[in-house]
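S.K.: For reference, the structure I am asking about is given below.
The values are calculated or read from the model by the stated rules, or taken from the named source; none is laboratory data. None of these values were measured; they are calculated from a predicted model. Virtual Cβ from ideal backbone geometry, glycine too; neighbours counted across all protein chains shown.
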Amino acid sequence: MALFSAKHLTMIFGGLMAVDDFSLELKGGDLIGLIGPNGAGKTTAFNMIAGNLKPTQGKIFFQEEEITGLKPNAITRRGIARTFQNIRLFQDLPVIENVMISYHGRLHSSFVGAVLRTPLYNREEKEMRNGAMVLLQRVRLADFANERAGALSYGQQRRLEIARALATNPKLLLLDEPAAGMNPNETQELMDFILKIKEDFKLTVLLIEHDMRVVMGICRWIKVLDYGATIAEGTPKEIQSNPQVIAAYLGEAGGKGIA
């Protein structure tokens, strides 16, 4: 049984077909890569899944419930979390508070309770702080809990952003170019980190990434978009030797991206 499925998604912007008949099925525990040249429609597909865009056509299902067109916060509550290509942190807040913010969607106390500091709110705030600290320990950021988020290294900020996503208690994690801007050492650490959290948190992962070392190194299955349409899917070995994929990347970067 599929954990997630997207069926015939199409996204049209003012007559421009950004994504054309995109379908995808994910089973629990999958780690799938979504790749393609710049402008292929990858992020648009992510935005439809995460609720940032409503598909022009098609349907999206998660745990057998249709979620097409739901707002991002409603999708997050159901168990889908995402990160962004451009890191989105509260740079001037402490690391631990960045994580605690992600817990707020799971609070039962009201805004008035927070203002009045009711016993329920105080109890939940303590639980949030404790939970955030445990999460920071698991992503190797506990020593920086009280540091300003903007003072972290680039690789640490990526881990913090993923920690914020994990704080929503997801079953499906969408990673949008997590290796962007990383050096080779940071990239290898990220690959190990993704594999570890996938197992530790029992996640299903859908990954957009331009760094083919990451995609080929950790994904068991890869789907390739070009000009909004799916041109290939298969194992890393199959994708590396696919003529259509090679042609798509030759047009952008001399084919080096899939080596």
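S.K.: For segment 57-83, enumerate the residues that are in a strand (DSSP E or B), basic (Lys, Arg) and under 20 Å from residue 167 (Cα atoms). It would help to see each step written out before you state the result.
M.R.: Applying the first criterion (in a strand (DSSP E or B)) to segment 57-83 yields 57-62, 65-66, 80-82.
Restricting the remaining residues to those that are basic (Lys, Arg) gives 59, 82.
Passing the criteria: only 82.
S.K.: Quick one: what pairs do we get from segment 19-47, first residue over 19 Å from residue 235 (Cβ atoms), second among the acidic types (Asp, Glu), C-beta under 6 Å, 6+ apart or different chains?
M.R.: 37/252; 40/226; 46/176
S.K.: Looking only at segment 97-109, how many residues end up being modelled with pLDDT of 90 or more and either surrounded by fewer than 18 Cβ atoms within 10 Å (Cβ to Cβ) or more than 13 Å from residue 165 (Cα to Cα) (or both)?
M.R.: Here the count works out to 1.
S.K.: While we're here: Are there any helices (runs of 4 or more DSSP H) wholly within segment 143-241 with 2 or more residues that are closer than 22 Å to residue 52 by Cβ and among the charged types (D, E, K, R), and if so which? Outline the logic, then answer.
M.R.: Values: elements: 154-166, 184-200, 212-218, 236-240.
Ranges flagged: 154-166.
S.K.: Which of (1) among the charged types (D, E, K, R); (2) within 15 Å of residue 166 (Cβ to Cβ); (3) modelled with pLDDT under 85 does residue 126 not meet, given it meets every other one?
M.R.: All conditions are met except number (2).
S.K.: Here are some residues: 239, 222, 208. Which one is surrounded by 22 or more Cβ atoms within 10 Å (Cβ to Cβ), of a type outside the set (Phe, Trp, Tyr), touching a Phe, Trp or Tyr at 6+ places or on another chain (Cβ under 7 Å) and over 19 Å from residue 139 (Cα atoms)? Write out each step before concluding.
M.R.: Numbers: 239 fails: touching a Phe, Trp or Tyr at 6+ places or on another chain (Cβ under 7 Å); 222 fails: touching a Phe, Trp or Tyr at 6+ places or on another chain (Cβ under 7 Å).
Sole residue among the options that is surrounded by 22 or more Cβ atoms within 10 Å (Cβ to Cβ), of a type outside the set (Phe, Trp, Tyr), touching a Phe, Trp or Tyr at 6+ places or on another chain (Cβ under 7 Å) and over 19 Å from residue 139 (Cα atoms): 208.
S.K.: Within segment 155-164, is even one residue under 17 Å from residue 82 (Cβ atoms), of a type in the set (A, V, I, L, M, F, W, C) and touching a Gly at 6+ places or on another chain (Cβ under 6 Å)? Please lay out each step first, then the result.
M.R.: Going residue by residue through segment 155-164, those that are under 17 Å from residue 82 (Cβ atoms) are 157-164.
Narrowing further to those that are of a type in the set (A, V, I, L, M, F, W, C): 160, 162-163.
With touching a Gly at 6+ places or on another chain (Cβ under 6 Å) added as a condition, the list becomes none.
Within segment 155-164 (the criterion being under 17 Å from residue 82 (Cβ atoms), of a type in the set (A, V, I, L, M, F, W, C) and touching a Gly at 6+ places or on another chain (Cβ under 6 Å)), the answer is no, since none of the residues qualifies.
S.K.: Would you be able to say whether some residue in segment 35-56 is modelled with pLDDT under 90, assigned to a loop (DSSP other than H, G, I, E, B) and at positive phi?
M.R.: Scanning segment 35-56, I find at least one residue that is modelled with pLDDT under 90, assigned to a loop (DSSP other than H, G, I, E, B) and at positive phi, so the answer is yes.
S.K.: Here's another thing I want to ask about it. Go over the candidates 142, 151, 167 one by one and state the one that is modelled with pLDDT of 90 or more and surrounded by 21 or more Cβ atoms within 10 Å (Cβ to Cβ). Spell out the reasoning first.
M.R.: Values: 142 fails: surrounded by 21 or more Cβ atoms within 10 Å (Cβ to Cβ); 151 fails: surrounded by 21 or more Cβ atoms within 10 Å (Cβ to Cβ).
Only one candidate passes the filter, namely 167.
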